[in-house]
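Shown next, in structure tokens, is the structure this report addresses.
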Amino acid sequence: MVVRMSLLFVGLSLITSQGLAAAAVIPIQCGELATLTKLDLTKKSDESLALIEGLKAKVVGQDEAIQAVAERIQIARGGMNAPGRPLGNILFYGPTGVGKTKVPEALAEFLYGNPKALLKVDGAEFQQSHNIAKLIGSPPGYLGHGETVPLITQKSLDAHHTETTKISILLFDEIEKANESLWQLLLGMLDKGVITLGDNTQVDLSNTLIFMTSNVGVEEMNKVVNKIGFNTQGEQGSSEALEKIKDKNQAVGSGALARKFPPEFLNRLDKKVLFNPLGTAQIEQILNIELENVRQRALANHRFMITLTPAMKRKLIKDGFSQEYGARELKRVIDQLLVYNLATLASSGQIKKDDVIIVDFDGKDVVFSSRPAPVTVQGAADETDSNRIILTDLPEGIPAIHPAELPPAAPDGTLNLPFGSP
Ligand SMILES: Nc1ncnc2c1ncn2[C@@H]1O[C@H](COP(=O)(O)OP(=O)(O)OP(=O)(O)O)[C@@H](O)[C@H]1O
Ligand SMILES: [Mg+2]
């Protein structure tokens, strides 16, 4: 092929020291392309890798959503976000209790050490058009003007900024439940990156990552699940069943999105992520995350340690997980079966500082036993420091331990379990 052009022109914007952009054209000689230094897009900054790892440690089985968040944060940190637009407009949709709300909370926790360091607008509270005044305040001349403090203000949005991090998180939860007037507001803010309040002041969203969640299509998705026969018993949410459900949900989900949301809304989104259903493997990981939180609380407040038998873990999963509600019930079940009982035992003086509390389910009741510590259970200690020992849960095959059955600890504090090393 004859190359007719001897020069390739690449348009480039140069930023002058005054911050003004000036257009320039850099000529590149034909053939020079082959000699240029190739840049590696797979190489991520340590910051970006830490964010992805940090989110994965809190949110299980939703890697696509985590990737979407990481991309927008990367664009923000790389100073490449489009002016006059939010940092990102992301819609999460799919089944109940699978982590849609958890992702923005996990981001808030990662950035600011607090899962509540975000502004949350609950769509269900904006079902009437007059409810919008709660969000942006009433205009002058309208009832309530000057009386209601709007939920969204620049101050509330940027309340958690630090010296180094200036990213705001705005979450519109369950948007499909909101009234038309919230919709109109959303359309404007997704596009222009500003909200005009009732008193005519403007809130700038160009440092804001906007998340929206929706349960659109969930009823149809649940029918798919029932058809495939996915449940927590028997098949145990096998990865094969999960894959089938994911495929069907994808088709059901995109149809439901198109029916529910107008194209002008869908077009303004940077990402639409369909959340995956959770299977047994994911639920076990989520249970471990939640248990770790309980352990940390027990250690920090009372300095006692907790270990669970496999039977107890199975009980928590059975009671706390359903395909219909995902992991939504898990925390409540942990509170009810574990946290409340531990608090009762601690406040009645039955748990002492540094005790190890073993929790078992005997098929009928949850049984709590204690053993004085400190001890190291061989092969089961997962984290130690000079003062404390955190025990992992007992491995499969080890029966419930009651204090009387435990051998005395060795002089070095080591406890050898009679039923062999895990
Ligand atoms: N993928 C997940 N990883 C970690 N925890 C999860 C996950 N999914 C659910 N959970 C647990 O379940 C709780 C409920 O999840 P979340 O609020 O994110 O559900 P959701 O998908 O927003 O559901 P809904 O559509 O009903 O609002 C979370 O607080 C968390 O404890
Ligand atoms: Mg939610």
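Values quoted throughout were computed directly from the atomic coordinates according to the rules given, and no laboratory measurement underlies them. Everything quoted here is computed from the prediction, not taken from an experiment. So basically every Cβ, Gly included, is an ideal-geometry build from the backbone, and we count neighbours across all protein chains shown.
With θ taken as phi - 60° and the Karplus curve 6.51 cos²θ - 1.76 cosθ + 1.60 applied, the whole-hertz 3J(HN,Hα) list for the stretch 323-339 is 5, 5, 10, x, 8, 4, 7, 4, 4, 5, 5, 4, 4, 6, 8, 10, 5 Hz, x standing for glycine and proline.
Among 340, 93, the order by Cβ neighbours within 10 angstrom, fewest to most, reads 340, 93. Annotation for the stretch 265-324: GluC sites (Glu not before Pro) lying in DSSP loop with at most 16 further Cβ atoms inside 10 Å of their Cβ are 324.
Using the Karplus relation 6.51 cos²θ - 1.76 cosθ + 1.60 with θ = phi - 60°, the per-residue 3J(HN,Hα) values for the stretch 84-96 come to x, 9, x, 4, x, 10, 10, 10, 10, 9, x, x, 6 Hz, with x marking Gly and Pro.
Close amide-amide hydrogen proximity is noted between residue 273 and 91, 92, 93, each under 5 Å apart and 5 or more residues distant or on a separate chain (H modeled in the peptide plane; Pro and chain starts excluded).
For residue 194, nonlocal amide neighbours, meaning residues 5 or more places apart or on other chains whose placed amide H falls under 5 Å from its own, are 205. For the listed residue pairs 43/102; 248/331; 102/260; 43/192; 134/331, the alpha carbons are over 26 angstrom apart in 43/102; 248/331; 43/192; 134/331.
In plain terms, the residue of 35, 148, 213 with the fewest other Cβ atoms within 10 Å comes first and the most crowded comes last, giving 35, 148, 213.
Between residue 168 and 208, 209, the built amide H atoms are under 5 Å apart, and every one of these is 5 or more places off in sequence or on another chain. Judged by the mean number of other Cβ atoms found within 10 Å, the most tightly packed of the peptides 272-280, 48-56, 258-266 leads the ranking 272-280, 48-56, 258-266. Note that the stretch 57-64 has calculated 3J(HN,Hα) couplings of 5, 10, 10, 9, x, 10, 5, 5 Hz, one per residue in order, obtained from phi through the Karplus relation 6.51 cos²θ - 1.76 cosθ + 1.60 (θ = phi - 60°); glycine and proline are x. The calculated FRET efficiency for the pair residue 251 and residue 322, based on their C-beta separation and a Förster distance of 25 Å, comes to about 0.60.
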